[in-house]
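Only the coordinates and a few stated rules stand behind these numbers; no lab work does. In this text, all values refer to a predicted model and were calculated from it rather than measured experimentally. Here the Cβ positions follow ideal geometry from the backbone for every residue, glycine too, while neighbour counts run over all protein chains shown.
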Amino acid sequence: MPSFPLKHWTQELGHLRYGLGNFYSLDGVVTHYHNWYDRRVDRTKQFDAQDTLEVDGGGVPVAYLKAYTDNFMTDYRAGKVHVPAVRER
């Protein structure tokens, strides 16, 4: 939970293992994972704890994106990615 006010934060975001990334499936089989927001984080830049993707402070905290991307990469390297169950339509 960020220690500063945000326009678009909900408590549910803090409970997501891989943040805002998405798993995609085809015919009931997970085919890939994609984190759209991570590509907007410049990992060569130092960030303040209150930096967000939006200039006005209304976006997602950069620290959140970095932490949850790191969670995914750590699990991936260990061969322990938590793949969600595929929901049938």
Open item on the list: For q values of 0.20 Å⁻¹, compute log₁₀ I(q)/I(0) with the Debye formula on a Cα-only model of the chain, without solvent.
Closed with: -1.00
TODO: Quote the relative contact order of the chain in percent (integer), defining contacts as alpha-carbon pairs under 8 Å separated by 6+ residues.
DONE: 30 percent
- [ ] Sequence neighbours fewer than 8 away in the same chain don't count; with that in mind, list the aspartates and glutamates whose C-alpha is under 18 Å from LYS45.
- [x] GLU54, ASP70
Task: Principal-axis tilt of helix 62-77 within the chain, Cα atoms, nearest 10 degrees - done: 30 degrees
Open item on the list: Tell me which trypsin sites (Lys or Arg not before Pro) from the range 23-54 have a DSSP coil assignment and no more than 12 other beta carbons within 10 Å of their own.
Closed with: ARG43, LYS45
